[in-house]
Ligand code: GRG
């Protein structure tokens, strides 16, 4: 077990199931005590235990995914690892593994995709924080990549993480039928293209600076569907595919993730105005202090909370056919809007 995973386990054990601490302060994530299911299945489910079980595997796989074996790559690999191993809630990998487990108990089958998702997510954070975009100096409770390594290195580290994500899936899914692997790689490509993260970010840029009245709820939904929800969609889809799910199953899970992804962003906008920088591990009040249109600005805080709850209920409907089998994804959906950072 890596020193990181060991520390994680020690801290979490010390908290005696009150909450999970992931991973190092101040990138602390507290999952509110036992998450009791609010919907379909009758089983009580302890999300803390589930995450405690999965996180060390995820951290180990992430840590092992990048290594510099020649001196020439030492600096770029260090910059890539700095952000990849800086903590974070690991929501996308955990969603991916949970989706896989609905169809195959061996969650390791989905680990290459889980790692790739966190690489893509991390690269998007590195680039998002750059002076040319959000110009932020704090991420996951640490100085941002460009603050530590410089803008030039941060751009390259992001690019390299993106390329590495595909390579990682291609090289580590040997036990899978090739068509499944190809499907996952295709979906990952889609997730950061013009109809994914890059397109969502582009529309975000175009809307920035417009007065709130000129950006509609539909515009906001388009931005967040593509900037945020698409990656959660591919997280559950790739997990399910590598677990052997049918096309109909994948479609139901994607619908679930799309609504969860939108709820995630509504929750993110709420946290931006309700939490401190210390609690968030990134600059709080950023949306308020820029001309960005947000859900609380359009709907008010209570309206935004109601919208997040509506989206989560809508998401859960898609999983009704699975009963208790969907309990982890249902609990994760609750966590995503109940989280504190
Ligand atoms: C992918 C080619 C390509 C370019 C990137 C910069 C950019 C284009 C897109 C921005 C995507 C972005 C930063 C979306 C915000 C999503 C979001 C709410 C991130 C926070 O996710 P958490 O809360 O963070 O899961 P942790 O740190 O816990 O992982």
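What follows is calculated from the coordinates using simple rules that are stated; it is not laboratory data. Keep in mind that what you see is a predicted model, and the values were worked out from it rather than measured. Positions of Cβ are generated from backbone atoms using ideal geometry, with glycine treated the same way; all protein chains shown enter the neighbour counts.
Assorted remarks:
- Cα coordinate range in region 294-341, projected on the principal axes (Å, largest first): 37, 21, 13
- Helix content alone sets the calculated 222 nm mean residue ellipticity of the chain: runs of n ≥ 4 DSSP H residues at -39500 (n - 2.57) each, divided across all residues, give -20500 deg cm²/dmol.
- Over region 3-338, the ratio between the Cα radius of gyration and 2.2 N^0.38 Å evaluates to 0.94.
- Anisotropy class assigned to region 62-180 is prolate, per the alpha carbon gyration tensor with a/c at or over the 1.5 cut-off and a/b larger than b/c.
- GNM result for the chain, Cα springs below 10 Å: residue of 122, 293, 212 fluctuating most strongly: 212
- Order of 96, 207 under a 10 Å beta carbon neighbour criterion, fewest first: 207, 96
- Residue 217 paired with residue 67, simple spin-label distance in nm, labels 7 Å along Cα-to-beta-carbon: 5.2 nm
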